[in-house]
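Peer 1: Quick one: structure below, then a few questions.
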Amino acid sequence: MEIERKYLITADHLPKNLDKYAFREIEQGYLCTAPVVRIRKDNNKYFLTYKSKGLMTREEYNLPLTKEAYLHLRSKVDGRIISKKRYMIPLGDFLMIELDIFLEDLAPLMLAEVEFPDEFSANHFTPPAWFGEDVTFSSDYHNSTLSQKA
């Protein structure tokens, strides 16, 4: 189960010391958007992911892929391939901010996601001051939706 909140971020509100955090280079595409079936290259690891319907809470299953399987499926993607840098920023003792800085035609879009252990924590979360609009309940900011917009 994935429980997460999602926020828009603007360039003037990015943390000043972003370069001190680890980041991963992610490329992903969607074989299907209803239900969501995604392929992802995360640095040098490859995955096929299924996600159920939902906004803040939904089921998620990840299966490992070989590079060859990923490349084969990549040619079957419906819509655009999404490229982004994902910065991992600790938040307190238990939470992690995943700051996605989208590249290429989705730039300058930036989104921050925070995953939670339960819905109570997610519903009572106070975001850091540098977070912008809460878009958790807008499917417009799901990567599967972004993959379909021209």
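Peer 1: Can you pull out every residue in the range 6-34 that is open to solvent by 30 Å² or more (accessible area, probe 1.4 Å) and either among the small types (Gly, Ala, Ser) or touching a Phe, Trp or Tyr at 6+ places or on another chain (Cβ under 6 Å) (or both)?
Peer 2: Result: ALA11, HIS13, TYR21, ALA22, PHE23, ALA34.
Peer 1: Of everything in the range 1-31, what is out of contact with any Gly (no Cβ under 9 Å at 6 or more places or on another chain), closer than 20 Å to LEU106 by Cβ, assigned to a strand (DSSP E or B) and not β-branched (Val, Ile, Thr)? Give them in sequence order.
Peer 2: Scanning the range 1-31 gives GLU4, LYS6, PHE23, ARG24, GLU25, GLU27, GLN28, LEU31.
Peer 1: Taking the options SER83, SER52, SER75, name whichever one is touching a helix residue (DSSP H, G or I) at 6+ places or on another chain (Cβ under 9 Å) and not β-branched (Val, Ile, Thr).
Peer 2: SER83
Peer 1: Also, I was wondering about something else. How many residues does the range 49-91 contain that are surrounded by 13 or more Cβ atoms within 10 Å (Cβ to Cβ), of a type in the set (D, E, K, R) and outside any strand (DSSP E or B)?
Peer 2: 3
Peer 1: While we're on this one: Yes or no: ALA11 without any contact (Cβ under 8 Å) to a residue 40 or more places away in the chain and within 22 Å of ASP140 (Cβ to Cβ)?
Peer 2: Here the answer is no, as ALA11 does not meet what is asked.
Peer 1: Please state which one of LYS41, LYS149 is farther than 21 Å from ASN17 by Cβ and surrounded by 16 or more Cβ atoms within 10 Å (Cβ to Cβ).
Peer 2: The conditions single out LYS41.
Peer 1: If you go through the range 52-64 one residue at a time, do you hit one that is more than 16 Å from the chain's Cα centre (by Cα) and of a type in the set (D, E, K, R)?
Peer 2: Looking through the range 52-64, none of the residues is more than 16 Å from the chain's Cα centre (by Cα) and of a type in the set (D, E, K, R).
Peer 1: Spot the failing condition for MET88; the list is (1) touching a Pro at 6+ places or on another chain (Cβ under 8 Å); (2) under 30 Å from GLU119 (Cβ atoms), and only one is missed.
Peer 2: (1)
Peer 1: On to the next question. So which of PHE120, PHE116, PHE137, PHE94 is of a type outside the set (Lys, Arg) and surrounded by 16 or more Cβ atoms within 10 Å (Cβ to Cβ)?
Peer 2: Of PHE120, PHE116, PHE137, PHE94, the one residue that is of a type outside the set (Lys, Arg) and surrounded by 16 or more Cβ atoms within 10 Å (Cβ to Cβ) is PHE116.
The values are calculated or read from the model by the stated rules, or taken from the named source; none is laboratory data. Model, not experiment: these values are computed from the prediction. Glycine also receives a Cβ, built like all others from the backbone with ideal geometry; neighbour counts cover every protein chain displayed. Each accessible area value is taken on the protein alone, full model and side chains, heavy atoms only, with ligands, DNA and RNA left out. Shrake-Rupley method; radii C 1.70, N 1.55, O 1.52, S 1.80 Å.
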